[in-house]
Amino acid sequence: MADASKSDAFVEFERVQKSYDGETLVVKDLNLTMPKGEFLTMLGPSGSGKTTCLMMLAGFETATHGDIRLGGTSINNIPPHKRGIGMVFQNYALFPHMTIAENLSFPLEVRKLGKSEREAKVKRALDMVEMGSFGGRRPSQLSGGQQQRVALARALVFEPELVLMDEPLGALDKQLREKMQFEITRLAHDLGITVVYVTHDQTEALTMSDRVAVFNDGRIQQLAPPDQLYEEPSNSFVAQFIGENNTLEGTVKEISGGRALVQLDDGELITATPVNVSEAGQRTRVSIRPERVEYNKDRLQEGVHTLKAEVLEFIYMGDIFRTRLRVAGNDEFIIKTRNAPDQTRLQPGQQIEIGWLPEDCRALDA
Amino acid sequence: MSDMTQTGPVLAADGTPLKRSLARALRMQKMRALALIAPLLLFVLLTFILPIADMLFRSVENSIVTDTLPRTTVAVQAYDADSGEAPSEAMFDALAYDLVVAAERKEHTRVGSRLNYENAGISSIFRKAGRSMDDMGEIYLDQFVDLDKAWKEPETFVALFADPDWAAEAGGDDESRFAYSDTAAEVLPGATDAYAAWARTIQDQDGDSPTKEKPWAPIYMALYKDLVQNPDAPAAFGGDTAALLSAAVTAIQAPEWQTMSTREAFAEIDKDWLDPEVWRTIKTYSGKYTNGYFLNAADFQKGPNGPELRPELERIYGTLFLRTMIMSMAITVSCIVLGYPVAWILANLPSRTANVLMILVLLPFWTSLLVRTSAWKVMLQQQGVINDVLVWLGIVADDARLVMINNQFGTIVAMTHILLPFMILPMYSVMQTINPSYLRAAKSLGATNWTAFWRVYFPQSVPGIGAGSILVFILAIGYYITPELVGGTKGVFISNRIAFHISQSLNWGLAAALGTILLVVVLLLYWAYDKIVGIDNVKLG
Ligand SMILES: Nc1ncnc2c1ncn2[C@@H]1O[C@H](COP(=O)(O)OP(=O)(O)OP(=O)(O)O)[C@@H](O)[C@H]1O
Ligand SMILES: [Mg+2]
C-alpha cells in the first residue's frame, strides 16, 4: 500500500485478534482501514464477532493481539473515556434516572463546558433529531423510535469524529427503521463524521453504507461497496449471505481466457467466470442471481450454454414473478422476472430452457 | 408540550372530563388488585393488625383497678390526699368488701402488682390484706350467731337477700346466676351488695351454691352497718326474716354490742394502709383508661399538678430510645459501607461464580442466631481471639486488652454481621438489573470510571440501598437477642426493656406503651424517608 493512502487512514485495524477464553479466537486476523468520513457497515450472522470489533474500537475490550489505530496513533492503551468516540448502543443505554436533556448534557458536563454552551448544544442536538420538545421527559416516557433518536443525539452532541453504532435500529418496526436509516445517513453525511455501523440486516447495510464488511467466523469475508458486494461476491459465503442466490455444484473442467468450463454434477457443461478457482479438477459452486436468469430464447445471447428446467411453482408477488425450478437436480432454483406487459407467466410442469451471461455466473469455492 | 394548545379541561371521547374517565378506569383496576390481595390482607389483619391493635389498646387500658376494686374506686373519689386527713372508714369498708371477693378470685395480687408499677410497695400490702380478709368482721358474725342460731344457716340469708324467683329454683345442678331481691337492695344496700358479690363469686369460682354455703364474715359486718343506718329495715320483710332482723336491731342498739373499726383492722395488717399516698395512687389509677404507661415510657410521672419529669436517676427510656436510634443508624451505615462493594462484585460476576459467592453471603442464615452471637463473644472478649492476636502481635499490651464486648461496640459489630445479608440481598438484586451498558455508555461519553460510577451507576443503585437500609434499620431497631447477649448494660436496646417488662416485671401495659412509641418512631422515620428519598425509590429487584 502506498504511503499516501496510509496517512489517509483514520481508523485502522492491523492483524487484530481477540479471544475471550484463551481457547477460541472470536476475531481472527482482522485488517481494516477506513478513511475519514466513511460510513462502514459490519454485516454478518450472529456471533461472527461484529460487536467484539466495535467494543475493541471503543475500548471496552482489549485486543489479544494486533494494533488498533485512530488518526494514526495506537489506541490500545487509551482508556475508553479518552478516545472521544461516540457510541449508540443496541439497547440505547439512555440513563433512566436523568431527563433527556440531562442525558445529552452529560458528555458536555464531563468535558466541563459552561452552562449556556451546554444548553445551546443540547438544544441543537435535539432539534437535529426532531426531539426538541422532549427535553424534560425521562427515557421511559419515550417510544422506542424516540429513544433511538435521543441515543443518536447523545452520541453526536459532543461532536465526536467517529461514531459507532451497534444494531441501533434492531428494535424498531420496518417503517420507522427505514426512516431512521435515512436520517442516520443524512446526519452522518451532513456532519462529515466517520461511522462504523453494525447490523445483521443486509438491506440496511446495502442502502446505508459506503462500504460493507461482511463478517463470518471472526474474519472479514469481503470488504467492498454495496454494488460490488452484490454483483461480485468473492466467495460462496458472501454470495449466499447477500441477497438471494442460486447455486449449482460441479467440478472445474478447464480454465482459459477468463472463463471456466464447469461440469455440473449431472454431467451438463456450463461456462462461468472463475473467482476463486484456479485449476482444473477443483470442486466449485457456481452462483447465479435469480434476476439474471433468462428463459426467453429471443433474449439469450448467441452461444451461451442453456440448461433444461422444469417449473415447480409460480408465485405472483406484484412487482415481480418468482418462479421455482428444478435445474440440474436442484429443486430450489429461483428465477425472478419483472412484471412487464410482455412477460409470460410460467405454468407448473412446463419444461423450459434457461441461460445466462457468463459474467453473471461466478464459479466460487465449494 | 407543544401540542397542548387547548385550554380548559381535556374531554374524553364521550364528553366527560378526561381526568374523571381516567379515574374511573383506574378505580376498576384498583378493585381488581384489591380482590387479588384479599386473602393475604385477611391473614395479615388477623395475625398482625389485630395483635398490634391489641397492643395499642393495652398501652392505655387500665380496667383491672375498677374491675377488681369497684367499690373502693367509687369510695375514693371523694378523698383528697393533699388535705392531710386520714382515709375514711367508708373507704376501708369498700376495700374490705372488694378485697374479700378479689382474694377469693385470687385477683388481689394482680391489682397489687398493677398499682405497684406506680407506687412501689403497694403490692405487698395488698398481698397481706388479701390473706387476712377471712377474719374481717368476725366479731359481728359471732354476735349474730350468738343472738340466734338461724344466722348460721345459708337459708336465712337466701330468704333475706335473694330474689324469690331465683330462690325457688336454686339449689339444683344447673343453678342460675344469683339474683338479689329489690327489697333487700333498697333497705339493706351494702349487705345485699356484699352478699351478691360473695354469692356470685362462689358460684363462678367453685361451682358452689349460696343455698348451701355459710356466708363470710364481712357480710355480717355489712348487715350490721346497714341496720345501724336503717333500723326500720325489718318492716320491709315478712315472717321469720322480719323477726330475726327485729331481734338483731334490738341487739345492735344494746350497749353491750361490740363493734370494730375497719380502718384499725387494716392498720393492724399493715400501717401503710393509712398512708394517703396509697389512696392517691388508687384514685389516680381508678379510670378505665390511663396515660400512665405512656408517661412512664417517656420518663414522666403523674404528679399532684399533672405530668412531671421523673427524677434524673429514674429516667431510662429516653436514653434507651435515643441509643436504639443512634446505634441502629450506625449499624445501617456500616451495613451499607460493607455491603455495597460485595453486592457490586456479586452483580458483576458471571452468574455461576456469583451464585457460589451468594451462598457465602447467605451462609450466616444457616447457623442459629445464638451460635453466631456467641461466636462474637468468643472473638471479642478480653481473653478472646482478637485480643489474643493483638497481644501476640505486640500491638496491645497484655494488661491493656481492648474492651470490645458488653458495650456498644460489641453490639454494633455483632449486629452488623447478622444484618448484613439483609442489606446485600436487595442491593444485589437492584444492581443486577442495572445494565452494564450504562457504564459503558457513560465512559464512551467521556466520563472517567469514578464519574461514570457516581453519576450513572450509583443513582440507579439507590433504590437498593434504600430498601436495604429500611430493612436493616427496622430490624435493628427491634432487635433483642444480640444486644441482650453482647450489649452489656451500655449496649442494650429499648426492645430488651420491652422484653423485660413482658417476661419479668409483667408490666404489659408499659411494654405496650414502649412498643407503641417504637412503632410511631418507625412510622415517622418511614414518613421522613418518603419525603426525602421517596418511597417509590425503593426497589427489591
Ligand atoms: N464477554 C464475552 N465473553 C465470552 N465470549 C464472548 C463475550 N462476548 C462475546 N463472546 C463470544 O464472542 C463471539 C462473538 O460475539 P459478538 O458479540 O462479537 O457477536 P456479534 O457478531 O455481535 O453477534 P450478534 O449479531 O448476535 O450481536 C460469540 O461467539 C460470543 O459468544
Ligand atoms: Mg452484537
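Per residue of B:432-444, other chain Cβ atoms within 10 Å of the residue Cβ number 6 on average. Here is the list for segment A:333-366: trypsin sites (Lys or Arg not before Pro) lying in DSSP coil, each with at most 15 other C-beta atoms within 10 angstrom of its C-beta, are A:ARG345.
In segment B:145-197, what GluC sites (Glu not before Pro) fall in a loop by DSSP, with at most 12 other Cβ atoms inside 10 Å?
Values: sites: B:GLU155, B:GLU169, B:GLU175, B:GLU186; in loops: B:GLU175.
Counting only loop positions with at most 12 other Cβ atoms within 10 Å, none of the GluC sites (Glu not before Pro) in segment B:145-197 qualifies.
Kirkwood radius for segment A:244-364, taken over all pairs of different Cα atoms as the inverse mean of 1/r, rounds to 14.7 Å.
For segment B:203-243, the mean projected area of the C-alpha convex hull, equal to one quarter of the hull surface, is 3.9 nm². Rounded to the nearest 20, the Cβ-based charge dipole of segment A:244-364 about its Cα centre (Lys and Arg +1, Asp and Glu -1) stands at 160 debye.
Based on the alpha-carbon set only, what is the convex hull volume of chain A divided per residue, in Å³? Intermediate results must be reported in sequence, preceding the final value.
Values: hull volume 66.6 nm³, N = 366.
Spread over its residues, the Cα hull of chain A gives 182 Å³ apiece.
Relative to the longest principal axis of the Cα atoms of chain B, the long axis of helix B:189-206 lies at roughly 60 degrees.
Note on chain B: percent of Cα-Cα distances in each 10 Å bin, starting at 0 and stopping at the bin with the largest distance, equals 3, 12, 16, 16, 14, 12, 10, 8, 5, 2, 1, 0.
Against chain A, whose longest principal axis comes from its Cα atoms, helix A:100-110 is set at around 70 degrees.
About the centre of its Cα atoms, the protein assembly as shown shows a dipole size close to 4340 debye [charges on the beta carbon of Lys, Arg (+1) and Asp, Glu (-1) only; nearest 20 debye]. Each helix, a run of at least 4 DSSP H residues, gives -39500 (n - 2.57); summed and divided by the residues of chain A, these come to -7000 deg cm²/dmol at 222 nm.
What number, in percent, do you get for the relative contact order of segment A:85-197 if the mean sequence gap of Cα pairs under 8 Å and at least 6 apart is divided by its residue count?
Details: 137 pairs, mean separation 43.6, N = 113.
Result for segment A:85-197 is 39 percent.
For segment B:317-537, with all protein chains present and a 1.4 Å probe, just round the carbon and sulfur fraction of the accessible area to a whole percent. Solvent-exposed carbon and sulfur of segment B:317-537 make up 71 percent of the total. If you bin the C-alpha pair distances of the protein assembly as shown every 10 Å from 0, what whole percents do you get? With a bin width of 10 Å, the distribution comes to 2, 8, 11, 12, 11, 11, 10, 8, 7, 6, 5, 4, 3, 2, 1, 0, 0.
Provide the buried accessible surface between chains A and B in square angstrom, both chains summed, 1.4 Å probe, rounded to the nearest 100.
It comes to approximately 1900 Å² buried between A and B.
If you plug the beta carbon distance of B:GLU169 and B:ARG131 into 1/(1 + (r/R0)^6) with R0 = 35 Å, you get a FRET efficiency near 0.45.
Expressed as a whole percent, the accessible surface of chain A that belongs to carbon and sulfur atoms is 46, based on a 1.4 Å probe. With all pairs of separate Cα atoms included, segment B:171-328 yields a Kirkwood hydrodynamic radius of 20.6 Å. Can you tell me which lysines have their Cα less than 22 Å from the Cα of B:LYS225? Leave out same-chain residues fewer than eight positions away. Here the lysines satisfying the reach criterion relative to B:LYS225 are B:LYS149, B:LYS152, B:LYS214. Applying the Karplus relation 6.51 cos²θ - 1.76 cosθ + 1.60 with θ = phi - 60° to segment B:467-484 yields 3J(HN,Hα) values of 5, x, 5, 4, 4, 5, 5, 5, 5, 5, 5, x, 6, 9, 5, 5, x, 4 Hz, where x marks Gly and Pro. Counting only aspartates and glutamates at least 8 places from A:LYS123 when in the same chain, those with an alpha carbon closer than 15 Å to its own are A:GLU102, A:GLU109, A:GLU159.
Compactness of segment B:162-230, taken as the C-alpha radius of gyration over 2.2 N^0.38 Å, stands at 1.09. Axis of helix B:89-105 versus longest Cα principal axis of chain B: the two differ by about 70°, to the nearest ten degrees.
Quote the charge dipole size of segment B:1-128 about the Cα centre in Debye, to the nearest 20; the model charges only the Cβ of Lys and Arg (+1) and of Asp and Glu (-1).
On the way: 14 positive and 14 negative charges, 221 e Å.
Roughly 1060 debye for segment B:1-128.
In a DSSP loop and with at most 10 other Cβ atoms within 10 Å, the trypsin sites (Lys or Arg not before Pro) in segment B:44-116 are B:LYS106. For A:LYS253, a cut-off of 26 angstrom between C-alpha atoms picks up these lysines, skipping any fewer than 8 places away in its own chain: A:LYS308.
Taking each residue of A:89-98 in turn, how many C-beta atoms of other protein chains fall within 10 Å of its C-beta, and what is the average? Mind dumping the intermediate values first?
On the way: counts 6, 1, 4, 2, 11, 2, 9, 6, 9, 3.
Rounded to a whole number, the mean comes out at 5.
Among bridges DSSP assigns within the protein assembly as shown, what percent are antiparallel (round to 5)? Close to 75 percent.
Kindly report, to the nearest 10 Å², the accessible surface of A:ARG15 as traced by a 1.4 Å probe over protein heavy atoms only. About 140 Å², rounded to the nearest 10. With both partners inside chain A, how many of the DSSP beta bridges are antiparallel, as a percent to the nearest 5? Antiparallel bridges make up about 75 percent of those DSSP assigns within chain A.
Size descriptor for segment A:13-78, Kirkwood hydrodynamic radius: 12.4 Å (Cα pairs only, one decimal).
Which net charge results for the neighbourhood of B:ARG310, defined as the other residues with beta-carbon distances under 11 angstrom from its beta-carbon, given Lys and Arg at +1 and Asp and Glu at -1?
Values: positive: B:LYS302, B:ARG315; negative: B:ASP299, B:GLU308, B:GLU312, B:GLU314.
Here the count lands on -2.
DSSP beta bridges in segment A:113-256, what fraction antiparallel, as a percent rounded to 5? Write out the running numbers ahead of the final one.
Working: 5 of 10 bridges.
Given both bridge residues lie in segment A:113-256, the antiparallel proportion sits at roughly 50 percent.
Sum up the charges of everything whose Cβ sits under 14 Å from the Cβ of B:ALA102, counting Lys and Arg as +1 and Asp and Glu as -1, but leave B:ALA102 out. Once positives and negatives cancel, what remains is +3. Here's how it looks for A:VAL88: its modeled amide H is under 5 Å from those of A:LEU164, A:MET165, A:ASP166, which are all 5 or more places away or on a different chain.
Toward the positive end of the charge dipole of chain A, with +1 on the Cβ of Lys and Arg and -1 on the Cβ of Asp and Glu, the farthest Cα among A:PRO341, A:GLY44, A:GLY303 is that of A:GLY44. Farthest towards the positive end of the charge dipole of segment A:6-236, among the residues A:LEU57, A:GLY135, A:PHE215, is the Cα of A:GLY135, using unit charges on the Cβ of Lys, Arg, Asp and Glu.
The values are calculated or read from the model by the stated rules, or taken from the named source; none is laboratory data. All values reported here derive from a predicted model rather than from experimental measurement. Reconstructed Cβ throughout: ideal geometry from the backbone, glycine too, with neighbour counts over all protein chains shown. Please note that ligands, DNA and RNA were not included when accessible areas were found on the heavy atoms of the full protein model with its side chains. Shrake-Rupley method; radii C 1.70, N 1.55, O 1.52, S 1.80 Å.
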